[in-house]
1. Kindly identify the range 71-133 as rounded, prolate or oblate by the Cα gyration tensor criterion: order the square roots of the eigenvalues as a ≥ b ≥ c, call it rounded if a/c is under 1.5, otherwise compare a/b with b/c, prolate if a/b is larger, else oblate.
2. How do 110, 128, 65 line up, fewest other C-beta atoms within 10 Å first?
3. Taking the number of other C-beta atoms within 10 Å as the exposure measure, put 89, 130 in order starting with the fewest.
4. What's the exposure ranking of 82, 125, going from fewest to most Cβ atoms within 10 Å?
5. Would you mind computing, in nm to one decimal, how far apart the modelled labels at residue 64 and residue 148 are, each placed 7 Å from Cα along Cα→Cβ?
6. With a ≥ b ≥ c the root eigenvalues of the C-alpha gyration tensor of the range 38-149, is it rounded (a/c under 1.5), prolate (a/b larger than b/c) or oblate?
């Protein structure tokens, strides 16, 4: 939610600041992005996921890292049975080109990227199993849910 620093505001002036209203008064002692769009939130989640993956890779004790990060080791399955975390996988992909529908054609227009434009992407998936089911949960989905619940500050 963005703050309008140009609107007149009423609050007790128990803190010192010039009244030009270009200040970060006592109610502004925080560090988060104001008015984030969906694209900015998605970018933030990607950055958090990349940092998480980097930390997981370098952690000597992977289980403790997951515990400290509050990754659940159990979750309810769709059938009500408890699913247990059995695997954490990291997959690397490189986007080397793009393909999109062509105008008035059933073929795709393919454009390979020059080397400098090739982008690496990594994803992390947690696999949970029970006697009757399996769920692969993407780290981005976990982070998105936590952000929506307020478990991750913005």
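Each value in this text was obtained by applying a stated rule to the coordinates, not by laboratory testing. Bear in mind the structure is a predicted one, so any value in this text is a computation, not a measurement. Counting neighbours? That spans all protein chains shown, and the Cβs are built from the backbone with ideal geometry, glycine included.
1. Working: a/c = 5.87, a/b = 2.18, b/c = 2.69.
Verdict is oblate for the range 71-133.
2. On the way: 110 10, 128 21, 65 17.
Listed from fewest to most nearby Cβ atoms, that is 110, 65, 128.
3. On the way: 89 10, 130 18.
Taking fewest neighbouring Cβ atoms as first place, the list is 89, 130.
4. Values: 82 11, 125 16.
Going from least to most buried by this count: 82, 125.
5. Those two pseudo-labels are separated by 3.4 nm.
6. Working: a/c = 2.28, a/b = 1.68, b/c = 1.36.
Because a/c hits 1.5 or more and a/b exceeds b/c, the range 38-149 counts as prolate.
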